[in-house]
Amino acid sequence: LAERAAELTACRRNIGAQLSGEIERELQELGMSKARFHIEVTPEEKYTSRGADNLRMLFSANVGEAEKPLEKIASGGELSRIALAIKTIVAARDTSGASMVFDEIDTGVGGRTAQMVAERIAYVAGYKQVLCITHLPQIACMADAHLYIAKSVKGDSTVTQVEALSADERVREIARMASGDDVTEAALANAREMLAGAQQKKQVFQKKAKR
């Protein structure tokens, strides 16, 4: 039993080191250039059906900060990007499901980081169907289809309505997401430019996914 557990520990440490390096590289692509991520495998004396190891995910976002348990140190935005990094790595290898759901994974991010998150989600979509709930135009413009979700009160009940947007409606919605309810011609032109740029990038990602 001890020999088998030791073999499992060695395997986990080997794979953990590889996965840690891949996650770090993904985080750098998502705007966290100084991030460090480490999967720590510590053998224990208590045996279970899964071996005798204690696993921890350690994380540091900045230079000079010691790595600490992920659940104690990472912010909401950092957790979102770590989750996206892991899903990006898994997407091309995982055959357990056909879809991935990103529920407001853009929490706490904006600007250039939001664009990098959008591109990573589009990359994952080359391997899986992606359902993404977002409030950011950078991410919304990367989608193949845009569903608008609205809540309203009818009588004593709250009703949720889901509507598939047409091409023109999508331009207007992305313009609204970017500039607010006062949608100007300049905002509409910007939305069309964002959609055109997103389409070009998606074509590149689709070619990579087919290789």
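Rounded to the nearest 0.05, what FRET efficiency do Lys201 and Arg93 give with R0 = 25 Å and r taken as the Cβ-Cβ distance? Could you check? Taking R0 as 25 Å, the efficiency between Lys201 and Arg93 is 0.65. Ignoring ligands, DNA and RNA, what percent of the 1.4 Å accessible area of segment 103-143 is carbon and sulfur? The C+S portion of the solvent-accessible surface of segment 103-143 is 50 percent. Number of Lys-Lys pairs in the chain with C-alpha atoms under 19 Å apart and a separation of 8 or more places or on different chains: 13. With the helix formula -39500 (n - 2.57) applied to DSSP H stretches of n ≥ 4, the chain reaches a computed 222 nm mean residue ellipticity of -16500 deg cm²/dmol.
The mean sequence separation of alpha-carbon pairs under 8 Å and at least six residues apart, normalised by the residue count of the chain, gives a relative contact order of 14 percent. By the scheme Lys and Arg +1, Asp and Glu -1, what is the net charge of all other residues having a beta-carbon under 15 Å from that of Arg176? Charge balance in the 15 Å sphere: -4.
Per residue, segment 115-211 exposes an accessible area of 64 Å² to a 1.4 Å probe, with every protein chain left in place. Solvent-accessible area per residue in segment 1-98 equals 62 Å², computed with a 1.4 angstrom probe and all protein chains kept.
The mean sequence distance of close C-alpha pairs (under 8 Å, at least 6 residues apart), as a share of the length of segment 106-145, puts its relative contact order at 50 percent. Loop-located trypsin sites (Lys or Arg not before Pro) across segment 1-100 with a Cβ neighbour count of 15 or fewer within 10 Å are Lys34, Arg50, Arg93, with loop assigned by DSSP.
The values are calculated or read from the model by the stated rules, or taken from the named source; none is laboratory data. Predicted model only: the values in this text are computed from it and were never measured. Glycine gets a Cβ as well: all are built from the backbone with ideal geometry, and neighbour counts include every protein chain shown. With ligands, DNA and RNA removed, areas are computed over all heavy atoms of the protein, side chains included. Shrake-Rupley method; radii C 1.70, N 1.55, O 1.52, S 1.80 Å.
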